[in-house]
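The structure under discussion appears below in the form of structure tokens.
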Amino acid sequence: RFNICELEDSFLMNDAVLDLSARIKQNISEALQYGILFWMSHREQSGSKERDEQVSAFLDSRTALFWMESLSLLGVVDRGIVALQDCAQFFAVRRFCHCVCNS
């Protein structure tokens, strides 16, 4: 959800939020942190067309922005960048294979 840690000012840098660790602990459960960090690797293992469509819809939605906000709050934006690069590569390869196999 938007503003998952209920920050009063979204223009502050994370390290300027004095109680950020407590807010993270209160609002982003360990299970949610796991999902935030590892959804991409689970997607890669699923291999289903329906799952690919769900990922595509996710990336086209506001929820992707909430995911990025959570990555930032957790201090792991770099992992999100890698996940997005992997996702872009996956869809590019999938599109290429579809074109080659159907021609």
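The values are calculated or read from the model by the stated rules, or taken from the named source; none is laboratory data. The shown structure was predicted, so the numbers you read here are calculated from the model rather than taken from an experiment. FYI the Cβ positions are ideal-geometry reconstructions off the backbone, even for glycines, and counts take in every protein chain you see. Calculation scope for accessible area: heavy atoms of the full protein, side chains included, ligands and nucleic acids excluded. Shrake-Rupley method; radii C 1.70, N 1.55, O 1.52, S 1.80 Å.
Heavy-atom accessible area with a 1.4 Å probe sorts Leu84, Leu18, largest first, into Leu18, Leu84.
Computed from the C-alpha gyration tensor, the three semi-axes of the ellipsoid equivalent to the range 1-73 are 28, 13, 8 Å, from longest to shortest. The Cβ shell under 10 Å around Leu71 holds other residues with a net charge of -1, Lys and Arg each +1, Asp and Glu each -1. Loop only by DSSP, 15 or fewer other Cβ within 10 Å of the Cβ. Give me the trypsin sites (Lys or Arg not before Pro) in the range 1-44 that pass, ordered by residue number. Here the trypsin sites (Lys or Arg not before Pro) that fit, given the DSSP loop and packing criteria, are Arg1. Computed with every protein chain present, the accessible area of Glu50 is close to 120 Å² [probe 1.4 Å]. For Leu74, the accessible area of its heavy atoms, probed at 1.4 Å with every protein chain present, is near 40 square angstrom. Ranking Met68, Met13 by solvent-accessible area of protein heavy atoms (1.4 Å probe, all protein chains present), from largest to smallest, gives Met13, Met68.
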